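Novice: This structure is in C-alpha coordinates; I'll ask about it shortly.
The values are calculated or read from the model by the stated rules, or taken from the named source; none is laboratory data. All values reported here derive from a predicted model rather than from experimental measurement. All Cβ positions, glycine included, derive from the backbone under ideal geometry; neighbour counts span all protein chains shown. Ligands, DNA and RNA are excluded from the accessible area calculation, which covers all protein heavy atoms including side chains. Shrake-Rupley method; radii C 1.70, N 1.55, O 1.52, S 1.80 Å.
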Amino acid sequence: MADDGSASNRRDPIKSSVGNVAGQRRRQQAVTVAKERRELLVRAKRLCRVGTNGDVEDDLVENEMMIDEEQPILEAQASKSVEELKSAVQYQGKGAMQKRVTALRELRRLLSKSEFPPVEAALSAGAIPLLVQCLSFGSPDEQLLESAWCLTNIAAGKPEETKALLPALPLLIAHLGEKSSAPVAEQCAWAIGNVAGEGEDLRNVLLSQGALPPLARMIFPDKGSTVRTAAWALSNLIKGPESKAAAQLVKVDGILDAILRHLKKTDEETVTEIAWIIVYLSALSDIATSMLLKGGILQLLIERLANSNSLQLLIPVLRSVGNFVAVDPKAILTILIQSIIGVLAKCLRSEHRVLKKEAAWVLSNIAAGSIEHKRMIHSTEVMPLLLRLLSTSPFDIRKEVAYVLGNLCVESAEGDRKPGIIEEHLVSIVRGGCLPGFIELVRSPDIEAARLGLQFIELVLRGMPNGEGSKLVEGEDGIDAMERFQFHENEELRVMANSLVDKYFGEDYGIDE
(Lines give C-alpha, C1' and ligand atoms only; values in the text may rest on other atoms or scores of the structure.)
Protein backbone atom coordinates (compact mmCIF):
# COMPACT_ATOMS: atom_id res chain seq x y z
CA MET A 1 0.00 0.00 0.00
CA ALA A 2 1.26 3.42 -0.85
CA ASP A 3 2.80 5.43 1.91
CA ASP A 4 1.14 8.77 1.36
CA GLY A 5 0.76 11.31 4.11
CA SER A 6 -2.41 12.93 2.88
CA ALA A 7 -5.54 12.43 4.93
CA SER A 8 -7.68 13.24 1.91
CA ASN A 9 -6.58 9.99 0.32
CA ARG A 10 -7.63 7.95 3.31
CA ARG A 11 -11.08 6.77 4.18
CA ASP A 12 -12.12 8.22 7.52
CA PRO A 13 -13.68 5.21 9.26
CA ILE A 14 -16.03 7.16 11.47
CA LYS A 15 -17.18 10.39 9.86
CA SER A 16 -16.89 10.00 6.09
CA SER A 17 -18.69 7.91 3.54
CA VAL A 18 -16.68 5.31 1.68
CA GLY A 19 -17.21 5.99 -2.01
CA ASN A 20 -15.22 9.00 -3.19
CA VAL A 21 -12.41 8.76 -0.67
CA ALA A 22 -11.89 5.07 -1.35
CA GLY A 23 -11.70 5.86 -5.05
CA GLN A 24 -9.15 8.61 -4.42
CA ARG A 25 -7.09 6.24 -2.39
CA ARG A 26 -7.12 3.58 -5.10
CA ARG A 27 -5.78 6.13 -7.56
CA GLN A 28 -3.23 7.48 -5.10
CA GLN A 29 -1.87 3.99 -4.51
CA ALA A 30 -1.48 3.49 -8.24
CA VAL A 31 0.61 6.64 -8.50
CA THR A 32 2.94 6.02 -5.58
CA VAL A 33 5.44 3.22 -5.90
CA ALA A 34 5.63 1.69 -2.45
CA LYS A 35 9.01 1.31 -0.80
CA GLU A 36 8.34 -2.40 -0.37
CA ARG A 37 7.82 -2.84 -4.08
CA ARG A 38 11.12 -1.19 -4.92
CA GLU A 39 13.01 -3.26 -2.39
CA LEU A 40 11.39 -6.61 -3.06
CA LEU A 41 10.77 -6.56 -6.77
CA VAL A 42 13.07 -3.91 -8.29
CA ARG A 43 10.39 -3.46 -10.91
CA ALA A 44 10.73 -0.02 -12.41
CA LYS A 45 13.87 -0.79 -14.46
CA ARG A 46 15.69 -3.99 -15.24
CA LEU A 47 19.20 -4.52 -16.52
CA CYS A 48 19.24 -7.23 -19.18
CA ARG A 49 22.04 -9.73 -18.53
CA VAL A 50 20.57 -12.73 -20.35
CA GLY A 51 19.04 -12.02 -23.75
CA THR A 52 15.51 -12.84 -24.75
CA ASN A 53 16.88 -15.72 -26.82
CA GLY A 54 18.78 -17.08 -23.82
CA ASP A 55 22.23 -15.83 -24.84
CA VAL A 56 24.69 -15.05 -22.08
CA GLU A 57 28.40 -14.34 -22.23
CA ASP A 58 30.71 -16.99 -20.73
CA ASP A 59 32.58 -14.44 -18.62
CA LEU A 60 29.41 -12.80 -17.34
CA VAL A 61 28.92 -15.22 -14.46
CA GLU A 62 32.49 -14.92 -13.26
CA ASN A 63 32.77 -11.15 -13.62
CA GLU A 64 29.22 -9.98 -12.96
CA MET A 65 30.34 -7.57 -10.25
CA MET A 66 33.09 -5.13 -11.19
CA ILE A 67 35.12 -3.56 -8.41
CA ASP A 68 35.40 0.23 -8.35
CA GLU A 69 39.03 0.24 -9.51
CA GLU A 70 38.06 -1.45 -12.78
CA GLN A 71 35.38 1.12 -13.70
CA PRO A 72 37.77 3.46 -15.61
CA ILE A 73 38.98 0.47 -17.61
CA LEU A 74 35.40 -0.48 -18.42
CA GLU A 75 34.59 3.07 -19.53
CA ALA A 76 37.62 3.17 -21.80
CA GLN A 77 36.59 -0.16 -23.31
CA ALA A 78 33.07 1.16 -23.90
CA SER A 79 34.36 4.26 -25.73
CA LYS A 80 36.61 2.07 -27.87
CA SER A 81 33.74 -0.32 -28.57
CA VAL A 82 31.54 2.55 -29.82
CA GLU A 83 34.33 3.69 -32.15
CA GLU A 84 34.59 0.15 -33.52
CA LEU A 85 30.82 0.10 -34.04
CA LYS A 86 31.04 3.41 -35.90
CA SER A 87 33.67 1.92 -38.19
CA ALA A 88 31.57 -1.22 -38.69
CA VAL A 89 28.47 0.78 -39.60
CA GLN A 90 30.40 2.77 -42.19
CA TYR A 91 32.00 -0.35 -43.69
CA GLN A 92 30.16 -1.60 -46.80
CA GLY A 93 32.47 -4.38 -47.99
CA LYS A 94 32.33 -8.14 -47.71
CA GLY A 95 31.23 -9.39 -44.28
CA ALA A 96 29.82 -5.99 -43.33
CA MET A 97 26.86 -7.48 -41.48
CA GLN A 98 29.00 -9.80 -39.38
CA LYS A 99 31.36 -6.93 -38.59
CA ARG A 100 28.42 -4.87 -37.27
CA VAL A 101 27.05 -7.76 -35.20
CA THR A 102 30.48 -8.42 -33.68
CA ALA A 103 30.86 -4.76 -32.70
CA LEU A 104 27.32 -4.63 -31.30
CA ARG A 105 27.89 -7.79 -29.30
CA GLU A 106 31.04 -6.36 -27.74
CA LEU A 107 29.23 -3.15 -26.74
CA ARG A 108 26.31 -5.14 -25.37
CA ARG A 109 28.71 -7.31 -23.35
CA LEU A 110 30.25 -4.23 -21.74
CA LEU A 111 26.81 -2.77 -20.97
CA SER A 112 25.72 -6.06 -19.36
CA LYS A 113 28.62 -7.24 -17.25
CA SER A 114 28.85 -4.61 -14.53
CA GLU A 115 26.50 -3.60 -11.75
CA PHE A 116 27.21 -0.04 -12.95
CA PRO A 117 27.51 -0.31 -16.74
CA PRO A 118 29.60 2.31 -18.58
CA VAL A 119 26.50 3.93 -20.07
CA GLU A 120 27.75 7.50 -19.79
CA ALA A 121 30.97 6.64 -21.64
CA ALA A 122 29.01 4.91 -24.42
CA LEU A 123 26.65 7.87 -24.79
CA SER A 124 29.52 10.38 -24.85
CA ALA A 125 31.15 8.39 -27.62
CA GLY A 126 27.97 8.65 -29.74
CA ALA A 127 26.34 5.24 -29.28
CA ILE A 128 22.67 6.22 -29.72
CA PRO A 129 22.72 7.33 -33.41
CA LEU A 130 24.66 4.19 -34.30
CA LEU A 131 22.26 1.92 -32.44
CA VAL A 132 19.29 3.63 -34.07
CA GLN A 133 20.88 3.04 -37.48
CA CYS A 134 21.39 -0.63 -36.62
CA LEU A 135 17.67 -0.91 -35.72
CA SER A 136 16.56 0.02 -39.23
CA PHE A 137 14.04 -2.26 -40.92
CA GLY A 138 15.50 -4.91 -43.16
CA SER A 139 18.44 -5.52 -40.83
CA PRO A 140 19.14 -9.14 -39.81
CA ASP A 141 17.49 -10.31 -36.60
CA GLU A 142 20.85 -10.84 -34.90
CA GLN A 143 21.75 -7.20 -35.49
CA LEU A 144 18.33 -5.97 -34.35
CA LEU A 145 18.51 -8.06 -31.21
CA GLU A 146 21.97 -6.84 -30.22
CA SER A 147 21.00 -3.21 -30.88
CA ALA A 148 17.82 -3.47 -28.81
CA TRP A 149 19.75 -5.20 -26.02
CA CYS A 150 22.25 -2.32 -25.87
CA LEU A 151 19.40 0.20 -25.76
CA THR A 152 17.67 -1.80 -23.01
CA ASN A 153 20.65 -1.48 -20.70
CA ILE A 154 21.22 2.16 -21.53
CA ALA A 155 17.57 2.79 -20.59
CA ALA A 156 18.17 1.04 -17.25
CA GLY A 157 20.57 3.81 -16.28
CA LYS A 158 20.18 7.26 -14.79
CA PRO A 159 17.27 9.52 -15.84
CA GLU A 160 19.33 11.56 -18.30
CA GLU A 161 20.71 8.31 -19.78
CA THR A 162 17.20 6.93 -20.24
CA LYS A 163 16.08 10.15 -21.94
CA ALA A 164 18.90 9.70 -24.47
CA LEU A 165 16.77 6.95 -26.04
CA LEU A 166 14.20 9.40 -27.40
CA PRO A 167 15.52 9.12 -31.00
CA ALA A 168 15.27 5.32 -30.79
CA LEU A 169 11.69 5.10 -29.50
CA PRO A 170 9.87 5.10 -32.88
CA LEU A 171 11.91 2.14 -34.14
CA LEU A 172 11.67 0.26 -30.84
CA ILE A 173 7.89 0.64 -31.00
CA ALA A 174 7.78 -0.35 -34.67
CA HIS A 175 9.60 -3.60 -33.92
CA LEU A 176 6.88 -4.63 -31.46
CA GLY A 177 4.71 -5.57 -34.42
CA GLU A 178 3.91 -9.05 -35.69
CA LYS A 179 6.43 -8.75 -38.54
CA SER A 180 9.30 -8.85 -36.05
CA SER A 181 10.69 -12.09 -34.65
CA ALA A 182 9.64 -12.92 -31.10
CA PRO A 183 13.12 -12.37 -29.56
CA VAL A 184 13.48 -8.97 -31.27
CA ALA A 185 9.98 -7.84 -30.26
CA GLU A 186 10.52 -8.98 -26.68
CA GLN A 187 13.86 -7.18 -26.39
CA CYS A 188 12.30 -3.99 -27.75
CA ALA A 189 9.47 -4.36 -25.21
CA TRP A 190 12.07 -4.65 -22.47
CA ALA A 191 13.76 -1.44 -23.59
CA ILE A 192 10.37 0.34 -23.72
CA GLY A 193 9.55 -0.96 -20.23
CA ASN A 194 12.73 0.62 -18.89
CA VAL A 195 11.89 3.92 -20.58
CA ALA A 196 8.33 3.84 -19.20
CA GLY A 197 9.71 3.11 -15.74
CA GLU A 198 11.59 6.41 -15.71
CA GLY A 199 8.55 8.63 -15.22
CA GLU A 200 5.38 10.24 -16.46
CA ASP A 201 6.97 12.44 -19.13
CA LEU A 202 8.55 9.54 -20.97
CA ARG A 203 5.38 7.46 -20.55
CA ASN A 204 3.46 10.22 -22.28
CA VAL A 205 5.96 10.24 -25.13
CA LEU A 206 5.58 6.48 -25.56
CA LEU A 207 1.78 6.75 -25.49
CA SER A 208 1.76 9.57 -28.05
CA GLN A 209 3.96 7.47 -30.35
CA GLY A 210 1.59 4.51 -30.20
CA ALA A 211 3.48 2.09 -27.95
CA LEU A 212 0.49 0.78 -26.01
CA PRO A 213 -1.58 -1.20 -28.60
CA PRO A 214 1.26 -3.36 -30.00
CA LEU A 215 2.64 -3.89 -26.51
CA ALA A 216 -0.79 -5.00 -25.30
CA ARG A 217 -1.18 -7.45 -28.19
CA MET A 218 2.08 -9.10 -27.18
CA ILE A 219 0.38 -10.62 -24.13
CA PHE A 220 -2.30 -12.33 -26.24
CA PRO A 221 -0.28 -15.48 -27.14
CA ASP A 222 0.81 -18.12 -24.66
CA LYS A 223 4.54 -17.50 -25.04
CA GLY A 224 5.74 -17.35 -21.44
CA SER A 225 8.86 -15.20 -21.69
CA THR A 226 7.35 -12.77 -24.18
CA VAL A 227 4.16 -12.39 -22.14
CA ARG A 228 6.10 -11.74 -18.93
CA THR A 229 8.28 -9.06 -20.48
CA ALA A 230 5.41 -7.37 -22.31
CA ALA A 231 3.17 -7.44 -19.23
CA TRP A 232 5.89 -5.88 -17.07
CA ALA A 233 6.48 -3.15 -19.67
CA LEU A 234 2.73 -2.61 -19.99
CA SER A 235 2.31 -2.18 -16.23
CA ASN A 236 5.07 0.45 -16.30
CA LEU A 237 3.31 2.24 -19.14
CA ILE A 238 -0.14 2.48 -17.51
CA LYS A 239 0.82 3.11 -13.88
CA GLY A 240 -0.39 6.70 -13.82
CA PRO A 241 -0.89 9.19 -12.32
CA GLU A 242 -3.28 10.00 -15.16
CA SER A 243 -5.83 7.37 -16.14
CA LYS A 244 -5.59 7.91 -19.91
CA ALA A 245 -3.24 4.96 -20.50
CA ALA A 246 -5.45 2.59 -18.49
CA ALA A 247 -8.49 3.83 -20.42
CA GLN A 248 -6.62 3.29 -23.70
CA LEU A 249 -5.64 -0.24 -22.70
CA VAL A 250 -9.24 -1.25 -21.98
CA LYS A 251 -10.14 -0.32 -25.56
CA VAL A 252 -7.73 -2.90 -27.03
CA ASP A 253 -9.96 -5.74 -28.22
CA GLY A 254 -9.43 -8.92 -26.25
CA ILE A 255 -7.13 -7.47 -23.59
CA LEU A 256 -9.35 -8.20 -20.58
CA ASP A 257 -9.98 -11.77 -21.77
CA ALA A 258 -6.21 -12.24 -22.11
CA ILE A 259 -5.65 -10.92 -18.58
CA LEU A 260 -8.22 -13.32 -17.13
CA ARG A 261 -6.77 -16.23 -19.12
CA HIS A 262 -3.22 -15.63 -17.93
CA LEU A 263 -4.39 -15.23 -14.34
CA LYS A 264 -5.48 -18.88 -14.39
CA LYS A 265 -2.04 -20.19 -15.37
CA THR A 266 0.40 -22.06 -13.15
CA ASP A 267 3.39 -19.91 -14.12
CA GLU A 268 3.61 -17.60 -11.12
CA GLU A 269 6.16 -15.27 -12.76
CA THR A 270 3.74 -14.51 -15.58
CA VAL A 271 0.80 -14.19 -13.19
CA THR A 272 2.82 -11.73 -11.09
CA GLU A 273 3.36 -9.41 -14.06
CA ILE A 274 -0.29 -9.72 -15.11
CA ALA A 275 -1.36 -8.96 -11.53
CA TRP A 276 0.47 -5.61 -11.60
CA ILE A 277 -1.51 -4.68 -14.73
CA ILE A 278 -4.66 -5.52 -12.76
CA VAL A 279 -3.48 -3.31 -9.87
CA TYR A 280 -3.30 -0.25 -12.11
CA LEU A 281 -6.44 -1.02 -14.12
CA SER A 282 -8.49 -1.52 -10.94
CA ALA A 283 -7.14 1.73 -9.53
CA LEU A 284 -7.37 3.94 -12.61
CA SER A 285 -10.21 2.68 -14.80
CA ASP A 286 -13.76 2.26 -13.55
CA ILE A 287 -14.70 0.61 -16.85
CA ALA A 288 -11.95 -1.98 -16.53
CA THR A 289 -12.87 -2.56 -12.89
CA SER A 290 -16.50 -3.23 -13.76
CA MET A 291 -15.67 -5.53 -16.68
CA LEU A 292 -13.09 -7.52 -14.72
CA LEU A 293 -15.51 -7.98 -11.82
CA LYS A 294 -18.14 -9.29 -14.25
CA GLY A 295 -15.52 -11.66 -15.61
CA GLY A 296 -15.12 -13.27 -12.19
CA ILE A 297 -11.70 -11.87 -11.40
CA LEU A 298 -12.23 -11.65 -7.64
CA GLN A 299 -12.62 -15.42 -7.34
CA LEU A 300 -9.43 -15.96 -9.36
CA LEU A 301 -7.50 -13.52 -7.19
CA ILE A 302 -8.77 -15.12 -4.00
CA GLU A 303 -7.67 -18.54 -5.23
CA ARG A 304 -4.21 -17.12 -5.89
CA LEU A 305 -4.04 -15.68 -2.39
CA ALA A 306 -5.06 -18.99 -0.90
CA ASN A 307 -2.69 -21.19 -2.88
CA SER A 308 0.50 -19.16 -3.36
CA ASN A 309 3.38 -18.46 -1.03
CA SER A 310 5.22 -16.18 -3.43
CA LEU A 311 5.64 -12.74 -1.87
CA GLN A 312 6.21 -11.21 -5.32
CA LEU A 313 2.82 -12.53 -6.44
CA LEU A 314 0.86 -12.00 -3.23
CA ILE A 315 1.61 -8.26 -3.05
CA PRO A 316 -0.07 -7.25 -6.36
CA VAL A 317 -2.86 -9.81 -5.94
CA LEU A 318 -3.65 -8.51 -2.46
CA ARG A 319 -3.57 -4.91 -3.63
CA SER A 320 -5.87 -5.75 -6.56
CA VAL A 321 -8.38 -7.38 -4.20
CA GLY A 322 -8.32 -4.25 -2.05
CA ASN A 323 -8.94 -2.06 -5.09
CA PHE A 324 -11.93 -4.11 -6.21
CA VAL A 325 -13.44 -4.20 -2.72
CA ALA A 326 -12.94 -0.43 -2.39
CA VAL A 327 -15.13 0.22 -5.44
CA ASP A 328 -18.29 -0.66 -3.54
CA PRO A 329 -17.80 -2.86 -0.48
CA LYS A 330 -21.55 -3.25 -0.02
CA ALA A 331 -21.91 -4.76 -3.50
CA ILE A 332 -19.37 -7.57 -3.05
CA LEU A 333 -21.10 -10.92 -2.66
CA THR A 334 -21.15 -12.30 0.86
CA ILE A 335 -19.81 -15.68 -0.28
CA LEU A 336 -16.76 -13.92 -1.71
CA ILE A 337 -16.25 -11.89 1.46
CA GLN A 338 -16.11 -15.13 3.44
CA SER A 339 -13.37 -16.43 1.17
CA ILE A 340 -11.47 -13.14 1.23
CA ILE A 341 -11.45 -12.94 5.02
CA GLY A 342 -10.04 -16.45 5.23
CA VAL A 343 -7.06 -15.69 2.97
CA LEU A 344 -6.50 -12.32 4.65
CA ALA A 345 -6.04 -14.12 7.96
CA LYS A 346 -3.20 -16.03 6.29
CA CYS A 347 -1.58 -12.75 5.26
CA LEU A 348 -2.00 -11.24 8.74
CA ARG A 349 -0.06 -14.21 10.14
CA SER A 350 2.74 -13.75 7.64
CA GLU A 351 6.24 -12.74 8.68
CA HIS A 352 6.27 -10.17 5.88
CA ARG A 353 5.38 -6.68 7.04
CA VAL A 354 4.03 -5.58 3.66
CA LEU A 355 1.53 -8.45 3.50
CA LYS A 356 0.18 -7.61 6.96
CA LYS A 357 -0.23 -3.99 5.97
CA GLU A 358 -1.93 -4.76 2.64
CA ALA A 359 -4.23 -7.31 4.28
CA ALA A 360 -5.30 -4.80 6.93
CA TRP A 361 -6.05 -2.25 4.20
CA VAL A 362 -8.27 -4.75 2.36
CA LEU A 363 -10.07 -5.56 5.61
CA SER A 364 -10.64 -1.86 6.27
CA ASN A 365 -12.46 -1.63 2.94
CA ILE A 366 -14.59 -4.67 3.74
CA ALA A 367 -15.31 -3.31 7.22
CA ALA A 368 -16.58 -0.10 5.62
CA GLY A 369 -19.29 -2.09 3.85
CA SER A 370 -22.58 -3.55 4.98
CA ILE A 371 -23.47 -4.46 8.53
CA GLU A 372 -23.41 -8.09 7.44
CA HIS A 373 -19.79 -7.79 6.30
CA LYS A 374 -18.85 -6.08 9.57
CA ARG A 375 -20.38 -8.94 11.54
CA MET A 376 -18.58 -11.50 9.42
CA ILE A 377 -15.20 -9.97 10.18
CA HIS A 378 -16.05 -9.58 13.84
CA SER A 379 -16.94 -13.26 14.17
CA THR A 380 -13.84 -14.68 12.48
CA GLU A 381 -10.29 -15.63 13.36
CA VAL A 382 -8.95 -12.26 12.17
CA MET A 383 -10.16 -10.42 15.29
CA PRO A 384 -7.53 -11.69 17.76
CA LEU A 385 -4.92 -11.19 15.04
CA LEU A 386 -5.97 -7.56 14.55
CA LEU A 387 -6.02 -6.84 18.28
CA ARG A 388 -2.53 -8.26 18.68
CA LEU A 389 -1.19 -6.35 15.67
CA LEU A 390 -2.57 -3.08 17.07
CA SER A 391 -0.33 -3.38 20.10
CA THR A 392 2.75 -5.13 18.70
CA SER A 393 3.25 -4.04 15.08
CA PRO A 394 5.22 -1.23 13.43
CA PHE A 395 3.38 2.09 13.26
CA ASP A 396 2.16 1.85 9.64
CA ILE A 397 0.52 -1.54 10.26
CA ARG A 398 -1.06 -0.35 13.52
CA LYS A 399 -2.63 2.54 11.68
CA GLU A 400 -4.14 0.23 9.06
CA VAL A 401 -5.45 -2.11 11.75
CA ALA A 402 -6.99 0.85 13.57
CA TYR A 403 -9.01 1.64 10.44
CA VAL A 404 -10.41 -1.89 10.44
CA LEU A 405 -11.37 -1.80 14.12
CA GLY A 406 -12.85 1.68 13.82
CA ASN A 407 -14.99 0.68 10.84
CA LEU A 408 -16.28 -2.40 12.65
CA CYS A 409 -17.69 -0.27 15.46
CA VAL A 410 -19.88 2.06 13.41
CA GLU A 411 -22.63 1.76 10.86
CA SER A 412 -21.74 2.89 7.35
CA ALA A 413 -21.93 6.68 7.23
CA GLU A 414 -24.61 8.28 5.08
CA GLY A 415 -24.49 11.98 4.32
CA ASP A 416 -23.71 14.26 7.25
CA ARG A 417 -25.52 12.11 9.80
CA LYS A 418 -23.29 10.86 12.60
CA PRO A 419 -23.12 7.09 12.11
CA GLY A 420 -24.65 4.90 14.77
CA ILE A 421 -22.43 2.81 17.01
CA ILE A 422 -22.52 -0.99 16.85
CA GLU A 423 -22.34 -1.45 20.60
CA GLU A 424 -21.70 -5.19 20.58
CA HIS A 425 -18.60 -4.74 18.41
CA LEU A 426 -17.36 -1.71 20.34
CA VAL A 427 -17.65 -3.45 23.69
CA SER A 428 -15.89 -6.63 22.60
CA ILE A 429 -13.09 -4.73 20.85
CA VAL A 430 -12.50 -2.48 23.86
CA ARG A 431 -12.66 -5.51 26.19
CA GLY A 432 -10.08 -7.10 23.90
CA GLY A 433 -7.60 -4.44 24.98
CA CYS A 434 -7.47 -2.10 21.99
CA LEU A 435 -7.88 1.22 23.83
CA PRO A 436 -4.18 1.70 24.73
CA GLY A 437 -3.30 1.20 21.07
CA PHE A 438 -5.68 3.94 19.94
CA ILE A 439 -4.44 6.31 22.64
CA GLU A 440 -0.89 5.69 21.41
CA LEU A 441 -2.07 6.84 17.98
CA VAL A 442 -3.37 10.04 19.57
CA ARG A 443 0.10 10.68 20.94
CA SER A 444 1.82 10.11 17.58
CA PRO A 445 3.02 13.06 15.47
CA ASP A 446 1.11 11.64 12.50
CA ILE A 447 -1.99 13.84 12.05
CA GLU A 448 -4.04 11.15 10.37
CA ALA A 449 -3.27 8.63 13.10
CA ALA A 450 -4.02 11.17 15.82
CA ARG A 451 -7.38 11.94 14.21
CA LEU A 452 -8.20 8.24 14.04
CA GLY A 453 -7.29 7.79 17.71
CA LEU A 454 -9.44 10.73 18.78
CA GLN A 455 -12.38 9.45 16.78
CA PHE A 456 -12.16 6.07 18.46
CA ILE A 457 -11.93 7.69 21.89
CA GLU A 458 -15.11 9.57 21.01
CA LEU A 459 -16.79 6.25 20.21
CA VAL A 460 -15.72 4.81 23.55
CA LEU A 461 -16.91 7.87 25.48
CA ARG A 462 -20.22 7.98 23.63
CA GLY A 463 -20.92 4.29 23.15
CA MET A 464 -19.71 2.18 26.05
CA PRO A 465 -22.65 1.15 28.26
CA ASN A 466 -23.28 2.54 31.75
CA GLY A 467 -21.06 5.51 31.11
CA GLU A 468 -17.90 3.48 31.73
CA GLY A 469 -16.16 4.95 28.68
CA SER A 470 -14.83 7.96 30.57
CA LYS A 471 -13.32 5.78 33.30
CA LEU A 472 -11.66 3.54 30.71
CA VAL A 473 -10.18 6.50 28.84
CA GLU A 474 -8.98 8.12 32.07
CA GLY A 475 -7.46 4.83 33.22
CA GLU A 476 -5.29 4.67 30.10
CA ASP A 477 -4.13 8.32 30.43
CA GLY A 478 -6.39 9.30 27.59
CA ILE A 479 -7.10 12.71 29.11
CA ASP A 480 -3.41 13.56 29.07
CA ALA A 481 -3.17 12.38 25.44
CA MET A 482 -6.06 14.62 24.41
CA GLU A 483 -4.82 17.64 26.33
CA ARG A 484 -1.69 17.77 24.19
CA PHE A 485 -3.97 19.20 21.51
CA GLN A 486 -5.12 22.10 23.71
CA PHE A 487 -3.04 24.56 21.69
CA HIS A 488 -2.33 22.41 18.64
CA GLU A 489 -1.86 24.12 15.26
CA ASN A 490 -4.32 21.74 13.58
CA GLU A 491 -7.70 23.34 14.22
CA GLU A 492 -9.76 20.21 13.53
CA LEU A 493 -7.83 18.11 16.04
CA ARG A 494 -7.68 20.96 18.56
CA VAL A 495 -11.45 21.43 18.50
CA MET A 496 -12.12 17.70 18.56
CA ALA A 497 -9.86 16.99 21.53
CA ASN A 498 -10.93 20.04 23.56
CA SER A 499 -14.60 19.29 22.95
CA LEU A 500 -14.21 15.70 24.17
CA VAL A 501 -12.35 16.78 27.30
CA ASP A 502 -14.91 19.51 28.09
CA LYS A 503 -17.92 17.28 27.41
CA TYR A 504 -16.85 14.13 29.21
CA PHE A 505 -14.28 15.38 31.73
CA GLY A 506 -15.58 18.84 32.59
CA GLU A 507 -16.29 20.37 36.00
CA ASP A 508 -18.99 17.84 36.83
CA TYR A 509 -16.85 14.77 36.09
CA GLY A 510 -16.60 12.50 39.14
CA ILE A 511 -19.12 14.40 41.32
CA ASP A 512 -21.47 11.42 41.52
CA GLU A 513 -18.71 9.42 43.13
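Novice: Please give the charge dipole size of the chain, origin at the Cα centre, charges +1 on K and R Cβ atoms and -1 on D and E Cβ atoms. Round to the nearest 20 debye.
Specialist: For this selection, approximately 1640 debye.
Novice: Label-point separation (nm) for S290 and E468, each offset 7 Å from Cα along Cα-to-Cβ?
Specialist: About 4.9 nm separates the two model spin labels.
Novice: In nanometres, what is the gap between the two model label sites at S444 and A182, each 7 Å from Cα along Cα-to-Cβ?
Specialist: The modelled label-to-label distance comes out at 4.9 nm.
Novice: Taking all protein chains together and a probe of 1.4 Å, list M496, M291, M97 from the most accessible to the least accessible. Write down the numbers at each step before the final one.
Specialist: Details: M496 25, M291 95, M97 70 Å².
Order by accessible area, largest first: M291, M97, M496.
Novice: Something else about it: Just from its helices, what would the mean residue ellipticity at 222 nm be for the chain, if runs of 4 or more DSSP H residues each count -39500 (n - 2.57) and the sum is divided by every residue, rounded to the nearest 500 deg cm²/dmol?
Specialist: Per the formula, -20000 deg cm²/dmol.
Novice: Once amide H atoms are built 1.01 Å from N in the peptide plane, which residues 5 or more positions from V410, or in another chain, come under 5 Å H to H?
Specialist: I422
Novice: Could you run the Karplus curve 6.51 cos²θ - 1.76 cosθ + 1.60 with θ = phi - 60° over the stretch 227-234 and give me ³J(HN,Hα) per residue in whole Hz, x for Gly and Pro?
Specialist: 5, 4, 5, 5, 5, 4, 4, 5
Novice: Provide, as a two-decimal number, the C-alpha radius of gyration of the stretch 275-408 over 2.2 N^0.38 Å, N being how many residues it has. Let's see the in-between values first.
Specialist: On the way: Rg = 13.6 Å, N = 134, 2.2 N^0.38 = 14.1 Å.
Rg over 2.2 N^0.38 Å, computed on Cα atoms: 0.96.
Novice: So, one more: Rolling a 1.4 angstrom probe over the protein heavy atoms, how many square angstrom per residue are accessible across the stretch 260-386?
Specialist: 34
Novice: With a cut-off of 8 Å between alpha carbons and a minimum separation of six or more residues, what is the relative contact order of the chain in percent?
Specialist: 12
Novice: List the residues whose amide H sits under 5 Å from the amide H of M464, counting only those 5 or more places along or on another chain, with H placed 1.01 Å from N in the peptide plane.
Specialist: Sorted by chain and number, the residues that satisfy this are G469.
Novice: Using R₀ = 41 Å, calculate the FRET efficiency as 1/(1 + (r/R₀)^6) where r is the Cβ-Cβ separation of K223 and Q338; round to 0.05.
Specialist: Efficiency at R0 = 41 Å is approximately 0.65.
Novice: Between K503 and E381, with labels modelled 7 Å along Cα→Cβ, what's the label distance in nm to one decimal, could you check?
Specialist: 4.0
Novice: Then there is this: How much length is gained if the chain between R353 and H488 is pulled fully straight, taking 0.36 nm per residue apart and subtracting their Cα-Cα distance, in nm to one decimal?
Specialist: That works out to 45.4 nm of additional length.
Novice: State in Å² the accessible area per residue of the stretch 83-184; use a 1.4 Å probe, count heavy atoms of protein chains only, and round to the nearest integer. Write down the numbers at each step before the final one.
Specialist: Details: 4330 Å² over 102 residues.
Averaged over the residues of the stretch 83-184, the accessible area is 42 Å².
Novice: Something else: How many angstrom lie between the C-alpha centres of the stretch 245-276 and the stretch 318-367?
Specialist: 21
Novice: So what does log10 I(q)/I(0) come out to for the stretch 136-193 at q = 0.12, 0.14, 0.29 Å⁻¹, using the Debye formula with one equal point on every Cα and no solvent?
Specialist: -0.24, -0.32, -1.24
Novice: Which order do H378, H425 take by accessible area at a 1.4 Å probe, largest first?
Specialist: Putting H378, H425 in descending order of accessible area: H378, H425.
Novice: Can you work out ³J(HN,Hα) from phi for every residue in the stretch 165-174, in order, using Karplus 6.51 cos²θ - 1.76 cosθ + 1.60 and θ = phi - 60°, giving whole Hz and x for Gly and Pro?
Specialist: Karplus-based 3J(HN,Hα) across the stretch 165-174 equals 7, 3, x, 8, 4, x, 6, 4, 5, 4 Hz.
Novice: While we're on this one: Over 20 Å between Cα atoms: which of K113/K158; K374/K471; K158/K357; K356/K399; K239/K265 fall into that group?
Specialist: Values: K113/K158 17 Å; K374/K471 27 Å; K158/K357 31 Å; K356/K399 12 Å; K239/K265 24 Å.
Violating the 20 Å Cα-Cα cut-off are K374/K471; K158/K357; K239/K265.
Novice: Next up: Determine which residues of the stretch 193-219 fall in the zone a paramagnetic label at D253 would reach in this model, i.e. backbone nitrogen under 14 Å from the point 7 Å along Cα→Cβ.
Specialist: 217
Novice: Whole-Hz ³J(HN,Hα) for each residue in the stretch 182-187, computed from phi via Karplus 6.51 cos²θ - 1.76 cosθ + 1.60 with θ = phi - 60°, x for glycine and proline: what do you get?
Specialist: Per-residue couplings from phi come out as 4, x, 5, 4, 5, 5 Hz.
Novice: Hey, another quick one. Report, by chain and number, residues whose modeled amide H sits under 5 Å from the one on F220, excluding near sequence neighbours (fewer than 5 apart, same chain).
Specialist: none
Novice: Also: Just the number, please: carbon plus sulfur as a percent of the accessible area of the chain, 1.4 Å probe, no ligands or DNA/RNA counted.
Specialist: That share works out to 50 percent.
Novice: Positive end of the charge dipole of the chain (Lys, Arg +1 and Asp, Glu -1 on Cβ, about the Cα centre): tell me which of L318, F456, W361 has its Cα farthest that way.
Specialist: The Cα lying farthest towards the positive end belongs to L318.
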